[in-house]
1. Near the amide H of Leu146, under 5 Å away, which other amide H atoms are found, from residues 5 or more places off or on another chain, if H is placed in the peptide plane?
2. In nm, what is the difference between 0.36 nm times the number of residues separating Ser150 and Glu78 and their Cα-Cα distance?
3. Go ahead and run the numbers for FRET between Lys188 and Lys164, Cβ-Cβ distance against an R0 of 25 Å, rounding to 0.05.
4. State the extension gain, in nm to one decimal, for the chain segment bounded by Lys176 and Ile16, taking 0.36 nm per residue of separation less the distance between their alpha-carbons.
Amino acid sequence: MLKKTALILGWCFLTILTLFISFTSILELSQTANLDQTDKAMVSEIKPANNSYSMYMSLPNIAGEVQAQVKTADARAEILRQYLLKRNSPLAPYADLIVNMSDLNGIDFRLPVAIAECESNLCQDGKYPENSFNCWGYGIHSAGTLKFASFEEGITKVIAGLKKFKDMGYLTSIYKLMELYTPPSLEKGGSWAKCVTHFMDVLQ
C-alpha cells in the first residue's frame, strides 16, 4: 500500500515538473520569436532611413558642384548684360564684345563701361554727339569729334586706346587716367575720376 502511494506521488511530481518545464520553454521561445520580429522590424525601418539620408546628402553636394562649375565659368558678360539691360543701354547686345576686347587688351572690362556711364549715361540718345557712336567722350575736344561707324567699332577702338594709355603709364589709377583723358576735371576736384570709380565699384 505504501509502495503504491509512493509511486503515485512520484508520478504526480514528475508530471507536474515536466509540465512546468515545458510551459517555461514555450514562454521563452515565444519571447525570442517576438524579439526577432521586433529586431527585423527595426532593421527594416532603419535601413530605408539611412539610405534616404545618404541620398539626400549626396544630392546637395552634386548640385553644389554644378553651381560651382557654372559660377567659375566666366559670367562677367552675363552680369554686364543684365546691368546694361536694367539701365536701358544700347550697349547691352555688346556685353560679350566688351569683355572679350577688354581681356584681349589687358583692361578691366568695367572701365570702358564706367566711362560710358559718366560720359553719356551708357550711350543714351542725346547724351553724346549725334551719329558718332562715340559715347565714351574719347577723342572729343575743341579740335573736333572722333566718330565711329558703329558701337562695335567704338568699343573696339576705345578699348584699344585705353591699352595705349596703359602702356604709357596712365592706368596706374583712375585719377592718373583723368590727367590725360579729361584734364578739365582736375579743376573740379576730380569729379570724373570719382564718377568712374563709383560705377566700377557698382559692377564689382
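Every number in this text was worked out from the coordinates using simple rules, so none of it is lab data. The shown structure was predicted, so the numbers you read here are calculated from the model rather than taken from an experiment. As a convention, Cβ positions derive from the backbone with ideal geometry for all residues, glycine included, and neighbour counts pool all protein chains shown.
1. Amide H neighbours of Leu146, under 5 Å, 5+ apart: Ile140, His141.
2. Numbers: separation 72, 0.36 × 72 = 25.92 nm, distance 2.17 nm.
The span from Ser150 to Glu78 would gain 23.8 nm if fully extended.
3. The computed FRET efficiency comes out at 0.50.
4. Net length gain for the segment: 46.4 nm.
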